[in-house]
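The values are calculated or read from the model by the stated rules, or taken from the named source; none is laboratory data. Note that the coordinates shown come from a computational prediction; the quantities given were computed from them, not determined experimentally. For neighbour counting, all protein chains shown are included, and Cβ atoms are generated from backbone atoms with ideal geometry for every residue, glycine included. Calculation scope for accessible area: heavy atoms of the full protein, side chains included, ligands and nucleic acids excluded. Shrake-Rupley method; radii C 1.70, N 1.55, O 1.52, S 1.80 Å.
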Amino acid sequence: VTGRTRVLFVCLGNICRSPTAEVVFRAAAAKAGLASRVEIDSAGTGDWHVGDAPDPRAIVHAARRGYDLRPLRARQFSIVDFGRFDWILAMDRSVLDELEAACPSAFAGHLGLFLDVAPEIGERDVPDPYARGPEGFERVLDLVESASDALARRIAASPR
Ligand code: 4NP
């Protein structure tokens, strides 16, 4: 038995998109029988919300679909995360730009856009819902659910 696959989702504040991805992907992985094969976390490139629970709107919209975001607390992405994760998945291109600029050349994992695991979605960015209305949060959930299923299939199909 080799190690687990370690997946980190990264957005700006770690209070809307990446905590949603963390919890939705955890459910998708469990559904795919991968619970014991993956470790899942999330982080933000910014430090404004460190220690905070997810945005109340993200909590409410996720709860309507059966996901509990309440226990999560925001943390800032750290350079040491490159040594701790196999998949580092950015929620949009501006976040990816920042991570690529910080990425050590020795990083052997996969750094990319979360939605690129599911090209059939036809979009690459999960739009930041922070300054938007309820439909912004629903859109995040729709995109994250689709990409999470695709990522679970990808990891299930990969050799251990
Ligand atoms: P997130 O949304 O990156 O999806 O967590 C944001 C949350 C907070 C801020 C920006 C985006 N902010 O500027 O405080």
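Remarks
- Identity of the residue in the stretch 61-101, free of Cβ contacts under 8 Å to residues at least 60 places away in the same chain and β-branched (Val, Ile, Thr), that ends up least open to solvent (accessible area, probe 1.4 Å): VAL80
- Some residue of the stretch 119-132 being open to solvent by less than 40 Å² (accessible area, probe 1.4 Å) and without any contact (Cβ under 8 Å) to a residue 40 or more places away in the chain: no
- Of the residues SER148, SER105, the single one that is open to solvent by less than 40 Å² (accessible area, probe 1.4 Å) and either away from the ligand (no atom under 13 Å from the Cβ) or in contact (Cβ under 8 Å) with a residue 60 or more places away in the chain (or both) is SER148.
- Residue that is nearest to the ligand (Cβ to nearest atom) [pool: residues in the stretch 39-49 that are within 13 Å of the chain's Cα centre (by Cα) and open to solvent by 10 Å² or more (accessible area, probe 1.4 Å)]: THR45
- Scanning the stretch 3-55 for residues that are closer than 20 Å to ALA152 by Cβ and of a type in the set (D, E, K, R) returns ARG4, ARG6, ARG17, GLU22, ARG26, LYS31, ARG37, GLU39, ASP41.
- Number of positions in the stretch 1-60 that are in contact with a helix residue (DSSP H, G or I) (Cβ under 8 Å, 6 or more places away or on another chain), without any contact (Cβ under 8 Å) to a residue 40 or more places away in the chain, outside any loop (DSSP other than H, G, I, E, B) and not β-branched (Val, Ile, Thr): 3
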